[in-house]
Ligand SMILES: [Zn+2]
Ligand SMILES: [Zn+2]
């Protein structure tokens, strides 16, 4: 006989997987493939929905997209905002912590809400004029949109985060906040794993000579909605599909579903992959 307690534990776990996957897709389908690389077209409602899901854990869309465009333009050079050329942990969290020493990098990676604390510091510095929004210059397309400009106002992202914590606390108390913490712990490390693991020579393969260290790492694609095929992505940044040579790519499956249901159109693929 299934007890009420077992049932609610099962519900909490099932909800966690749905919530975390949906927020993860906000980053991979929304921030990355739609906003940064314009891999497909969609209407303002769907675009807004993916953006808000991404904003729940990835910070301002204009900041994230600006940083990522810098990464593509300067991959694995001194100007790359996040590269593991000076050490694996430097590429994972060291670029945010300000050191490549493994201990603080690992502690930050395990902090769960650490990225949200950093976003707060980042925004407070902006308020006192010590952090001019240079990232806006590489996102003139996004700056035309009211939602993007609004989400890039200092302290809007921390308010979105506090609202999540308050909701989790009201619904589930301490366990609810722990539930949310685990989601952020997973989502931040999944995103950073693309920067560290998928640019580290030990892992995966490099089917394309892209002139930097990006790698296709199939097992990373499992927990990053397909983003593990990072060398293929660097070769064809605009491609809506990253697993071009086969493999798990949940983001591509979601884009295909949106196209099939009329919610998206014109998913871009490299010419030689269009009939596949
Ligand atoms: Zn990369
Ligand atoms: Zn990219």
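Once you have a ≥ b ≥ c as the square roots of the Cα gyration tensor eigenvalues for the range 23-112, tell me rounded if a/c is under 1.5, and otherwise prolate or oblate according to whether a/b is larger than b/c.
Oblate, because a/c is 1.5 or more while a/b does not exceed b/c.
By the gyration tensor of its Cα atoms, with a ≥ b ≥ c the square roots of the eigenvalues, what is the shape of the range 147-251: rounded for a/c under 1.5, prolate for a/b over b/c, or oblate?
It comes out prolate by the Cα gyration axes.
Classify the chain from the C-alpha gyration tensor, please: rounded if a/c falls under 1.5, else prolate or oblate depending on whether a/b exceeds b/c.
rounded
When the chain is fully extended, how far beyond the present Cα-Cα distance does residue 171 get from residue 245, taking 0.36 nm per residue of separation?
Contour length minus the Cα-Cα distance gives 22.3 nm.
May I ask for the distance between the Cα centers of the range 19-33 and the range 188-225, given as a whole number of Å?
Each part's Cα centre sits 17 Å from the other's.
Throughout, read-outs are computed from the coordinates displayed, never taken from laboratory work. Being a predicted model, the structure only gives us computed values, none of them experimental.
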